[in-house]
1. Could you please let me know if E68 is within 14 Å of I104 (Cα to Cα) and either of a type in the set (S, T, Y) or modelled with pLDDT under 70 (or both)?
2. Limited to region 94-112, what total is found for residues that are surrounded by 14 or more Cβ atoms within 10 Å (Cβ to Cβ) and more than 15 Å from P73 (Cα to Cα)?
3. Restricting to region 15-59, count the residues that are of a type in the set (V, I, T), modelled with pLDDT under 70 and surrounded by 11 or more Cβ atoms within 10 Å (Cβ to Cβ).
Amino acid sequence: MKVTDGFGTIKTGNSRRRRPCLVKTAGLKEPVFKFDSTFKVTFYRDSEYALKKNTEKVTENQQKIIAEMRKNPHVTAVELKGIIGISRKSVLENISKLKAKKIIDRKGPDKGGHWEIVDRG
């Protein structure tokens, strides 16, 4: 049996078993296979890849903030101030802009909460 994906033809024999393995190796979410009257596969991409579209719209300081939040989701504005080398006010303004662009989101309270990078993929 062969299935067309819109870009070419994919063999579903061994390929279907190998792809989830490669996906796991890359640290990505497992693809979803649906068999109705049609055949559909949903692949998930890395959130960092999805963010690349938006990195052109963010400043260098905002990119540094995102990188630090990836490393440490519990990072504070005061810690970011020291790491990036800008004022606390500038850190807060940049965070506000990133929230408005829906690139980052704050989960939980100011004390004890954490930052999440929004997956647009």
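1. Values: within 14 Å of I104 (Cα to Cα): yes; either of a type in the set (S, T, Y) or modelled with pLDDT under 70 (or both): no.
No.
2. Residues in region 94-112 being surrounded by 14 or more Cβ atoms within 10 Å (Cβ to Cβ) and more than 15 Å from P73 (Cα to Cα): 2 in total.
3. Taking region 15-59 first, the residues of a type in the set (V, I, T) are 23, 25, 32, 38, 41-42, 55, 58-59.
The next check asks that each one be modelled with pLDDT under 70; those that pass are 23, 25, 55.
Narrowing further to those that are surrounded by 11 or more Cβ atoms within 10 Å (Cβ to Cβ): 23, 55.
Looking only at that region, the number is 2.
The values are calculated or read from the model by the stated rules, or taken from the named source; none is laboratory data. Small disclaimer: the values here were computed from a predicted structure and weren't measured. We place every Cβ from the backbone using ideal geometry, glycine too, and count neighbours over all the protein chains shown.
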